[in-house]
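Notes follow the structure.
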Amino acid sequence: MSALPPHWRPAQDELKNKTILITGATEGIGRAVALACARLGAEVLLTGRNEAALESVYDTILNEGGRTPGLIPFDLRVTQHEPYDELAETLLAEGLAIDGLVHNAGVLGERRALSQTSPESWQEVLQVNITATFLLTRALMPLLERASLASIVLTSSGVGRRGKAFWGAYAVSKFATEGYMQVLADELGGTSSIRVNSLNPGAVNTRMRRAAYPGEPPDSNPLPEALTDNWIYLLSDASALIHGKALSAQG
């Protein structure tokens, strides 16, 4: 199912007065979505483990006249729940409500047969791609409940909807992402104004895609900037009735 309705385009202030937290905001899709949100009036909370890269996105937003973003250096490889809880407590103490949460950060891991996958790579991929999603969402739920109509967008993949050989832990983590979305959506339906959906970007010209397909001409895929309206729509009030859906940015 396509995420974006035909002919929908965001208004210039589509995300005005909204606060949106984006993981993996330093490059690729995360960076593009962060800049697009800022250009449409949102206060963006930039999350990633490369502080210099976060500062680069921060500077770009300010240079373009956007609202001052928040910088949150954070390593999703952390397995203990306490740092996630402490982050949420800090944001709560600042009186913030989170209107949008974009789980974009991810690692590819080893592209090899499951029988040849190292336990270290398996554990890292599952930690970053799904366990950290659980820990962060769990911690931020009180801030999402503060918003009038919060939206959670989980980044999925085609190999998380139909298994494919040699995609290993990455594919398994994306199947888990889809399952997490379905369970959380069912729990929130009828009891909360928070909505949650998954979004498969498809083939995009990013560093991860180039690593996964080294023989593929990068220019054969769209740049992340060409697809950001999909995330904007799901973060905006225009998608208020979209909940519990497995969506695609292309096709």
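Return only the number of the condition from (1) within 20 Å of I130 (Cβ to Cβ); (2) among the polar types (S, T, N, Q); (3) open to solvent by 70 Å² or more (accessible area, probe 1.4 Å) that T191 does not satisfy.
For T191, the failing item is (1).
Could you list, in sequence order, all residues of region 33-77 that are basic (K, R) and closer than 23 Å to L126 by Cα?
From region 33-77, those basic (K, R) are 39, 49, 67, 77; that's our starting set.
Answer for region 33-77, where residues must be basic (K, R) and closer than 23 Å to L126 by Cα: R49, R77.
What residue, among those in region 5-24 that are open to solvent by less than 40 Å² (accessible area, probe 1.4 Å) and touching a Gly at 6+ places or on another chain (Cβ under 9 Å), is farthest from P73 (Cα to Cα)?
So, considering only residues that are open to solvent by less than 40 Å² (accessible area, probe 1.4 Å) and touching a Gly at 6+ places or on another chain (Cβ under 9 Å), the one farthest from P73 (Cα to Cα) is L15.
Consider region 56-67. How many of its residues are touching a residue at least 12 places away in the same chain (Cβ under 8 Å) and open to solvent by less than 80 Å² (accessible area, probe 1.4 Å)? Spell out the reasoning first.
If we filter region 56-67 for residues that are touching a residue at least 12 places away in the same chain (Cβ under 8 Å), which is where we start, we get 56-58, 60-61, 64, 66-67.
After this cut, where a residue has to be open to solvent by less than 80 Å² (accessible area, probe 1.4 Å) as well, the list is 56-58, 60-61, 66.
Here the count works out to 6.
Quick check on L247: is it in a helix (DSSP H, G or I), open to solvent by less than 70 Å² (accessible area, probe 1.4 Å) and touching a strand residue (DSSP E or B) at 6+ places or on another chain (Cβ under 8 Å)? Show your work before the answer.
Values: in a helix (DSSP H, G or I): no; open to solvent by less than 70 Å² (accessible area, probe 1.4 Å): yes; touching a strand residue (DSSP E or B) at 6+ places or on another chain (Cβ under 8 Å): yes.
No.
Out of region 121-162, which residues are open to solvent by 20 Å² or more (accessible area, probe 1.4 Å), in a helix (DSSP H, G or I) and over 22 Å from G48 (Cβ atoms)?
Passing the criteria: W122, P142, E145, R146, G158.
Which residues, counting only those in region 193-232, are hydroxyl-bearing (S, T, Y) and assigned to a strand (DSSP E or B)? Full working, then the answer.
Quick first cut of region 193-232, residues hydroxyl-bearing (S, T, Y) only: 193, 198, 206, 213, 220, 228.
Listed by number, the list holds a single entry, S198.
Return yes when N197 is in contact with a helix residue (DSSP H, G or I) (Cβ under 9 Å, 6 or more places away or on another chain), open to solvent by less than 10 Å² (accessible area, probe 1.4 Å), farther than 21 Å from D75 by Cα and at pLDDT 95 or above and no when it is not.
Details: in contact with a helix residue (DSSP H, G or I) (Cβ under 9 Å, 6 or more places away or on another chain): yes; open to solvent by less than 10 Å² (accessible area, probe 1.4 Å): yes; farther than 21 Å from D75 by Cα: yes; at pLDDT 95 or above: yes.
Against the criterion (in contact with a helix residue (DSSP H, G or I) (Cβ under 9 Å, 6 or more places away or on another chain), open to solvent by less than 10 Å² (accessible area, probe 1.4 Å), farther than 21 Å from D75 by Cα and at pLDDT 95 or above), N197 qualifies.
How many residues are in contact (Cβ under 8 Å) with a residue 24 or more places away in the chain and out of contact with any Lys or Arg (no Cβ under 8 Å at 6 or more places or on another chain) if we restrict to region 171-188? Step through it out loud before you land on a result.
Looking only at region 171-188, we keep the residues that are in contact (Cβ under 8 Å) with a residue 24 or more places away in the chain, and these are 172-174, 176-178, 180-182, 184-186, 188.
Retained after the next criterion (residues that are out of contact with any Lys or Arg (no Cβ under 8 Å at 6 or more places or on another chain)): 172-173, 176-177, 180-182, 184, 186.
Summing the residues that are in contact (Cβ under 8 Å) with a residue 24 or more places away in the chain and out of contact with any Lys or Arg (no Cβ under 8 Å at 6 or more places or on another chain) in region 171-188 gives 9.
Among the residues of region 68-85, write down those that are crowded, with 22+ Cβ neighbours inside 10 Å and either aromatic (F, W, Y) or farther than 19 Å from G106 by Cα (or both). First the steps, then the outcome.
Taking region 68-85 first, the residues crowded, with 22+ Cβ neighbours inside 10 Å are 69, 76.
Residue satisfying the conditions is P69 alone.
Looking at region 207-231, which of the residues that are farther than 19 Å from L4 by Cβ and of a type in the set (S, T, Y) is nearest to the chain's Cα centre (by Cα)? Show your work before the answer.
Restricting attention to region 207-231, the residues satisfying the condition of being farther than 19 Å from L4 by Cβ are 207-220.
Still in the list and also of a type in the set (S, T, Y): 213, 220.
Details: Y213: 22, S220: 23 Å.
Here the residue is Y213.
Report whether or not A212 is within 22 Å of L76 (Cα to Cα), out of contact with any strand residue (DSSP E or B) (no Cβ under 6 Å at 6 or more places or on another chain) and not acidic (D, E). Steps first, answer last, please.
Details: within 22 Å of L76 (Cα to Cα): yes; out of contact with any strand residue (DSSP E or B) (no Cβ under 6 Å at 6 or more places or on another chain): yes; not acidic (D, E): yes.
Yes.
Results for (1) among the polar types (S, T, N, Q); (2) within 16 Å of the chain's Cα centre (by Cα); (3) on the phi > 0 side of the Ramachandran plot; (4) at pLDDT below 95, shown as yes or no for each residue.
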| position | (1), (2), (3), (4) |
| --- | --- |
| L40 | no, no, no, no |
| E51 | no, no, no, no |
| L62 | no, no, no, no |
| P73 | no, yes, no, no |
| E82 | no, no, no, no |
| D99 | no, yes, no, no |
| A113 | no, no, no, no |
| Q116 | yes, no, no, no |
| I130 | no, yes, no, no |
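For region 180-188, indicate whether the set of residues that are in contact with a Gly (Cβ under 8 Å, 6 or more places away or on another chain), open to solvent by 40 Å² or more (accessible area, probe 1.4 Å), more than 18 Å from G106 (Cα to Cα) and of a type in the set (D, E) is non-empty. Don't jump to the end; show me each part of the working.
Within region 180-188, the first condition is being in contact with a Gly (Cβ under 8 Å, 6 or more places away or on another chain), and the residues that meet it are 181-182, 185-186.
Now narrow it down to the ones that are open to solvent by 40 Å² or more (accessible area, probe 1.4 Å): 182, 186.
Retained after the next criterion (residues that are more than 18 Å from G106 (Cα to Cα)): 182, 186.
Then keep just the ones that are of a type in the set (D, E); that gives 186.
Yes: one or more hits.
Would you confirm whether or not region 194-213 contains a residue that is under 18 Å from T19 (Cα atoms), in contact with an Asp or Glu (Cβ under 8 Å, 6 or more places away or on another chain) and not aromatic (F, W, Y)?
yes
Is it true that some residue in region 163-176 is in a helix (DSSP H, G or I) and touching a strand residue (DSSP E or B) at 6+ places or on another chain (Cβ under 7 Å)?
Here is the first cut: in region 163-176, the residues in a helix (DSSP H, G or I) are 168-176.
Checking the rest, the ones that are also touching a strand residue (DSSP E or B) at 6+ places or on another chain (Cβ under 7 Å) come to none.
Within region 163-176, not a single residue is in a helix (DSSP H, G or I) and touching a strand residue (DSSP E or B) at 6+ places or on another chain (Cβ under 7 Å).
The values are calculated or read from the model by the stated rules, or taken from the named source; none is laboratory data. No experiment lies behind these values; they were computed from the predicted model shown. When we count neighbours, we look across all protein chains shown, and the Cβ atoms used for this are built from the backbone with ideal geometry, even at glycine. Note: areas computed on protein heavy atoms with side chains; ligands, DNA, RNA excluded. Shrake-Rupley method; radii C 1.70, N 1.55, O 1.52, S 1.80 Å.
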